[in-house]
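Novice: Sending over a structure as structure tokens; questions will come in a sec.
The values are calculated or read from the model by the stated rules, or taken from the named source; none is laboratory data. Quantities reported herein were computed from a predicted structural model and do not represent experimental measurements. Virtual Cβ from ideal backbone geometry, glycine too; neighbours counted across all protein chains shown.
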Amino acid sequence: MSQLELEKLIPILAAHTTTTRVQGVLSYMDSAGAVDVPGDPDGVRYALSFELPGMVTDLLSVSDPNDRVTPELWWPEDRAWLVWSDYDLMGSKIFGSRALIQQIREHPDLESLDWFPNSHTESSDV
């Protein structure tokens, strides 16, 4: 997720939680070197905790300037939403209330896509 996307998304996420403390998990790739943080020597995912308002600044201070990454999974302490943002995906998935998702959909600087499972109803016109 880009810095611009984070800067636009974080205020929306903050408005949909009762806490500013966020938990996160770095992927194996991140904890193995893309982000210089003390990780598990066996390459197990590294859990972290940070304040949502300072997330962009904190991530920028520990990331390689040429390869910025966000935690793969992150959520507030009240678990009001979840962001899934893998370093090699073309997008991020955000789970939360209808109001949160609607606000993201309506934001002029954030792209969104509705994702629905295939319908398993049979049609007479095959």
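Novice: Scan the stretch 1-19 residue by residue and report those that are within 10 Å of L100 (Cβ to Cβ) and hydroxyl-bearing (S, T, Y).
Specialist: Selection gives T17 alone.
Novice: Identify, by number, the condition in (1) of a type outside the set (F, W, Y); (2) at pLDDT 55 or above; (3) out of contact with any Leu (no Cβ under 7 Å at 6 or more places or on another chain) that T20 doesn't meet.
Specialist: (3)
Novice: What number of residues within the stretch 46-93 are exposed (fewer than 13 other Cβ atoms within 10 Å of the Cβ), of a type in the set (S, T, Y), modelled with pLDDT of 75 or more and not in a strand (DSSP E or B)?
Specialist: 1
Novice: Can you confirm whether S124 is modelled with pLDDT under 70 and surrounded by fewer than 17 Cβ atoms within 10 Å (Cβ to Cβ)?
Specialist: Considered against the rule, which asks whether it is modelled with pLDDT under 70 and surrounded by fewer than 17 Cβ atoms within 10 Å (Cβ to Cβ), S124 comes out as yes.
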